[in-house]
Amino acid sequence: MTTRHAAGACLFPLSKTEKEPKKKNIKLVPKIKNIEIFENRPFYQQLKSCFERIWMEAEEDKTVCLGDSETTDGPEHGQLAASDDAVAFMSSFDPEELQRCVFTESLVVFSESGRELGTFNVTVQHARKLQQPCLLLHAQSHGTIDGAPCGTTVTTYISCELEVLEENYHEYIKLEGHSVDNRCHLVQQDGKMFINEVTTVEEEVKKESASYPISSLNGLITEGSSLLLMRLITLRRRVPENMAFVTLDKQLNIIHTTFSDLGVKQMEVGGEVKEVFGVQRMVHSGKSSPDTWENYFLTNGHLVIRHQVGSPFTMRLLQLQSRTEGPGKVSLVQVENTADFLERRKELKEEYALYLRQHPEIRALISDFMQLLLLRKPENVYQFAKEYFSLK
């Protein structure tokens, strides 16, 4: 999804297209305990705005109900559609180009004052979904601002034609005595795209569900697939004109998203001056000016800078990464006494490797847990793990 609305999205956004609510419609959430600790800090204003937005949108959205989910066929189909050029562009990439996008990168999130706030990581790897080979993209941004843990995680299965097969989106912020958690699941099934969203504000749970025929979502670009598409655009070093893709807003309406060329420039990365290529992404809600993200990539597709126009946060690559050229040599450290043991050990390794390939979400799950564990640094690791996985 492209327009998540929990506070975490405002802090470390992968994207954010919601607009500021009209003041006369604002309904505040119940008073947050100890909120006075934020009163004189800029961060408090961001939290307040996010909480107000969440509550107001839930109040105004007639398809939202408490406790139970309501399934619809979504808004009227055919209102907006992706351009033919955009749909054709998505299926124009060959296996070699997709292979060049299979790597991991890590950036650091900074405030306007230059203070380090958290991390932003993106991994693309091979996987299988719906009985077909595909790519699995996992992106996460986690950090702590004024002692409040917050973050966003996206896991997306993407076909070789850049069609979204499934996506899980999760964002959160945890304050003392108060928390906001938003989860959205999007999946293809029986010729439709099903979308389920759950927003939890303290103990209030709001659920929303909708479905679209796959044919109405040709050219769909979600949070995860947009990151992969920009890597591919960078490798070609150009953004074709007259391309309009589609995405979904908070109310699950179809809206347009576009990409444009920011050109080539010189930028210092890791103490070296490198040539970078800029890609701008815009999400057009139709209500006011579009939300805009500026991204700069190295020529090999690695992200250098990511910034949402108007946001106080910027993601930067601090150190150049070198790709590993093929597997390294493995030396035999210990020789087992029996051939039977060696054979059995080989079989077990193959079974484990096969299982991990079939379930790449395991690595993503463990990565998320370790990231949050290191940020929180709990005294009781066992209790922390129990609470973390009980929510999954």
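None of the figures in this text is laboratory data; all of them are computed from the coordinates on show. Bear in mind that the values here come from a model prediction, so they are computed numbers and not experimental data. Heads up, the Cβs are rebuilt from the backbone with ideal geometry, glycines too, and the neighbour counts pull from every protein chain shown.
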Quiz item: Tell me, what HN-Hα J-couplings in whole Hz come from the Karplus equation 6.51 cos²θ - 1.76 cosθ + 1.60 at θ = phi - 60° for each residue of region 149-156, using x for Gly and Pro?
Solution: x, 8, x, 9, 9, 10, 10, 9
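Sort 210-220, 364-374, 190-200, 261-271 for me by packing, meaning the mean count of neighbouring Cβ atoms within 10 Å per residue, highest on top.
Numbers: 210-220: 18.6, 364-374: 15.4, 190-200: 17.0, 261-271: 12.5.
Output ranking for 210-220, 364-374, 190-200, 261-271: 210-220, 190-200, 364-374, 261-271.
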Quiz item: For region 344-392, what is one quarter of the convex hull surface built on the Cα atoms, given in nm²?
Solution: 4.5
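Note down the magnitude of the dipole of region 121-221 about its Cα centre, charges +1 on Lys and Arg C-beta and -1 on Asp and Glu C-beta and zero elsewhere, to the nearest 20 debye. Mind dumping the intermediate values first?
On the way: 7 positive and 14 negative charges, 80 e Å.
Charge dipole, region 121-221, about its Cα centre: 380 debye, nearest 20.
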Practice problem: First select every other residue whose beta carbon is under 10 angstrom from the beta carbon of residue 122; then total the charges, Lys and Arg +1, Asp and Glu -1. | Solution: +1
